[in-house]
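Working notes for the structure below.
Here, each number is a calculation from the coordinates, and none is a lab measurement. For clarity, every value in this text was computed on a predicted model and none was experimentally measured. Note that we place each Cβ from the backbone using ideal geometry, even for glycine, and neighbour counts take in every protein chain shown.
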Amino acid sequence: MTAFSLEPAQLAWCAELRTLAAERLHPLADKGEPGHVNRALVAELGSLGLLGRLFTSGALDLCLMRESLAYACTEAETALALQGLGAHPVHAHGTEAQRARWLPRVTAGTAIAAFALSEPGAGSDAAALELRAEAEADASRTGRSSGAAQAGRSSDPAQAGRSSDAPVLAAAPDGPARWRLTGEKRWISNAPEADFYTVFARTTPGAGARGVTAFLVPADRPGLTGRGLDMLSPHPIGALDFDAVPVTADDVLGEADRGFRVAMGTLNLFRPSVGAFAVGMAQAALDATLAHTAGRDAFGGKLRDLQAVSHQVAEMALRTEAARLMVYAAASAYDAHDPDVPRRSAMAKLLATETAQYVVDTAVQLHGARALQRGHLLEHLYREVRAPRIYEGASEVQRGIIAKELYARQEAR
């Protein structure tokens with residue numbers, strides 16, 4: 001057996017997922033409103049047992065799920081992936097109380113999760129984030145009392161002054177450490193409609209990646225407001241404003257000042273599966289192109305008879321299969337606890353997302369104007385395929401990670 005061929009049971013499961021996506025999930029996706037959480041779709045993912053597999057399966061199974069769902073219903077794939085991205089830090093780093101409260105609801109599809117890392121000034125450079133977690137005992141230094149947070153919804157961003165010397169990990173006189181979150185998150189999938197957020201905030205000013213803490217923040221916390229953003233991608237993306245939002249040590253995921261590890265550990269798992277999402281889209285575009293070029297009459301024959309066309313189709317297939325194998329290799333490395341996971345994950349995401357962009361674009365070219373008509377599969381894929389080259393680390397960031405890992409390994413010899 002070759003290194004990354006799938007077992008018959010895995011192939012059968014992938015076929016079953018494609019059928020479920022086409023017959024049960026796609027109709028629900030069609031009823032959803034672009035830019036908003038489709039709770040009926042998420043609930044169906046839960047009833048099918050797919051959300052539960054996010055926390056019981058390995059990275060390769062996650063990739064197989066995402067690739068198979070993406071082939072037939074990108075909306076279902078994205079809904080599943082966002083549940084996993086937002087809730088995985090709770091599964092991997094949460095306390096027993098945090099897991100007991102949220103994971104059963106995420107698994108059932110009755111609670112929507114979100115991963116809140118990006119900010120207006122800290123997208124690709126996640127270590128530069130500025131959302132402040134200021135010790136509550138020191139809130140008076142910024143002109144705020146412990147009751148300053150306002151409940152309800154507001155369209156105005158927080159305007160709190162910045163404090164460069166706020167103490168870290170200060171405990172309130174009557175209990176555990178308490179902070180107030182002040183600042184903004186932006187380009188957050190599922191915001192502002194999620195039920196809870198995994199939020200990364202700066203607890204130690206000037207410490208870079210070493211001064212970030214991950215918090216589990218329920219959406220109903222006083223001072224937390226949000227708004228949707230009108231984006232090309234059809235799934236919900238929004239901004240969150242934190243106006244002295246209260247959090248305590250009970251809300252910390254993992255350890256204080258070690259939240260960057262939580263973020264990177266989550267991304268190392270999900271980056272190969274972003275590649276799997278891209279492979280699923282590329283395969284759908286390739287299959288549509290095979291059908292179209294085999295049946296389309298042009299220049300006295302079929303389109304497939306033109307060498308210029310057949311060679312492009314061959315190139316599409318070649319790149320798609322290469323990307324698939326790299327995704328499977330990266331996922332297998334993650335499951336085997338390979339120390340080379342960061343490099344492999346970055347390579348898989350980079351190759352697969354860039355490949356999908358090429359394959360979908362070529363498919364549109366070979367279909368002609370019909371592919372750009374609203375409602376056509378390729379029109380849909382053309383909008384969907386662009387974002388994965390940016391989120392969870394843009395392609396340029398992945399190249400930086402790969403180079404950094406290569407040089408570190410070379411220096412260690």
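Backbone amide hydrogens, once placed in the peptide plane, bring ALA113 within less than 5 Å of ASP195, excluding anything fewer than 5 places away on its chain. When LEU62, LEU229 are sorted by how many other C-beta atoms sit within 10 angstrom of their C-beta, beginning with the fewest, the order is LEU229, LEU62. Sorting 182-189, 264-271 by their mean Cβ neighbour count within 10 Å, with the most densely packed peptide first, gives 182-189, 264-271. According to the Kirkwood relation over distinct C-alpha pairs, the hydrodynamic radius of the stretch 238-294 is 15.5 Å. Between GLU119 and ARG186, the built amide H atoms are under 5 Å apart, and every one of these is 5 or more places off in sequence or on another chain.
Highest mean packing comes first when the peptides 393-400, 350-357, 213-220 are listed by Cβ atoms within 10 Å, giving 350-357, 213-220, 393-400. Shape analysis of the stretch 317-409 places it in the prolate category; the axes a ≥ b ≥ c from the Cα gyration tensor give an a/c of at least 1.5, with a/b above b/c. Look at the dipole of the chain built from charges on Cβ: of ALA21, PRO104, SER310, the Cα furthest out on the positive end belongs to SER310. This ranking places TYR197, TYR407 by how few other beta-carbon atoms lie within 10 Å of each, fewest first, which gives TYR407, TYR197. Of all the options CYS14, CYS63, CYS73, the one that moves most in a Gaussian network model of the chain with Cα springs shorter than 10 angstrom is CYS14. Roughly how many Å is it from the Cα centre of the stretch 67-81 to that of the stretch 244-302, as a whole number? The stretch 67-81 and the stretch 244-302 have Cα centres separated by 9 Å.
One decimal place: the segment ARG227-HIS311 gains 25.6 nm when fully extended, by the rule 0.36 nm per residue minus the C-alpha distance. Only lysines eight or more places from LYS404 in sequence, or on another chain, were considered; those with a Cα closer than 20 Å are LYS349.
Cross-link reach is defined here as a Cα-Cα straight distance under 17 Å, omitting same-chain residues fewer than 8 places apart; for LYS31 the aspartates and glutamates meeting it are GLU23, GLU44, GLU75, GLU77. Net charge in the neighbourhood of ASP251 (other residues with Cβ under 15 Å of its Cβ; Lys, Arg +1, Asp, Glu -1) is -2. Ranked by how many other Cβ atoms sit within 10 Å of their own Cβ, fewest first, the residues MET65, MET231 fall in the order MET231, MET65.
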